[in-house]
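The values are calculated or read from the model by the stated rules, or taken from the named source; none is laboratory data. Because the structure is predicted, anything quoted here is derived from the model rather than measured. All Cβ positions, glycine included, derive from the backbone under ideal geometry; neighbour counts span all protein chains shown.
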């Protein structure tokens, strides 16, 4: 290890930057964010820096560099496009014992400025020692995707409670267990949701009960349409924090593989013929595991609040006094239409979108078919495979032309995706002939015909 990573306190410290171009501007921005008092030496400044000089946000000497400029500086950065000038700055700083960085010249530098993920007060610095700066940048991008802005708020929260935690817990396993719970459980979820008062209450209750199991937490998580790359970052974080995952049968193994390795996985997927008692059993499992102090992820295909009984499960959690959050997922209508090349709205064809389920709690008679038959809209029918013949017939009976384009998307977003394009009159027979199976979503409206022309993912659409 050639370079020792350190964090330098530059609050109100004098910092010298030689150079006034775009590269210098980026370094000056970093120094100012760290609270340094920046002095710039350069014959000219780019417009942004000139504006900062005019309003007194930095001090500018409008001339060439002189070795005496480094005197009293806590840190020096050379960012000109003249190697000789940069070398002179480095030499003067080293002679004065002042840390110096020459941009893109590690051989002249006594320190390197890393790629930074700023979630203040949390900072992550990545460096390749100047060997592969683009690799460091790529790593920063990946880490930024994992660490959202809430990590900074969580750090501030933990810092505010640090003294009380140290006073209330013994060092060692007890304190580590508390911090594991604080940083991964309901307290962290409350902070991320902006509910600091709830977070304070939860932590205060835990400190009062000592190391006894605290109330757990449930994340109602949408797994999206199937493609694991369409998981949201929030969903991925929930899966990686989970103690137990109650999963529907729709999320594929590739999604479950991204969960925490030691999480307990329970298959609670409902099958045809399952009655209300199945949903009651799922509700009971959520409550039981949460009351044992566990972080529970209820994983549902698509979005948990779109035809997924999410509202019923939330009501059960609320009645049981269990804290929860909702992590939306990419619902099938959006994802499957996109992967089939179907624009759900279109200036020439559709100015409205209706999401409908063909799997009703009551009967198909409860649906407003005349409203669905109005022109100028797109219909997306979830769970329509079993009732396809009835759906098509009812739409035609309600006034929609039998020649209206329709498309069935089977296994949307997955490598085995198939798309069948036909009109309403011919769709049921064509679906039977091609053996279209669930899961599949039905799109009805003029835009459905676009799948034949605009497809880009998977096999070429099937024709009736």
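Tabulated data
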{"item": "Selected residue [under 15 Å from residue 30 (Cα atoms) and not in a loop (DSSP other than H, G, I, E, B)] from 139, 134, 123", "result": "123"}
{"item": "Qualifying residue in segment 316-332 (condition: surrounded by 16 or more Cβ atoms within 10 Å (Cβ to Cβ) and more than 27 Å from residue 297 (Cα to Cα))", "result": "no"}
{"item": "Qualifying residue in segment 396-406 (condition: assigned to a strand (DSSP E or B), crowded, with 20+ Cβ neighbours inside 10 Å, within 36 Å of the chain's Cα centre (by Cα) and outside the structural domain of residue 223 (by TED's automatic domain parsing))", "result": "yes"}
{"item": "Residue 77 assigned by TED's automatic domain parsing to the domain that holds residue 33 and either assigned to a loop (DSSP other than H, G, I, E, B) or surrounded by fewer than 18 Cβ atoms within 10 Å (Cβ to Cβ) (or both)", "result": "no"}
{"item": "Selection from segment 333-347 of residues that are crowded, with 24+ Cβ neighbours inside 10 Å and in a loop (DSSP other than H, G, I, E, B)", "result": "342"}
{"item": "Within segment 416-459, tally of residues that are closer than 12 Å to residue 337 by Cβ and in a helix (DSSP H, G or I)", "result": "5"}
{"item": "Some residue of segment 295-304 being under 30 Å from residue 353 (Cα atoms) and surrounded by fewer than 15 Cβ atoms within 10 Å (Cβ to Cβ)", "result": "no"}
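This table checks each residue for (1) closer than 19 Å to residue 302 by Cβ; (2) touching a strand residue (DSSP E or B) at 6+ places or on another chain (Cβ under 7 Å).
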position	(1), (2)
384	yes, yes
393	no, no
401	no, no
420	no, yes
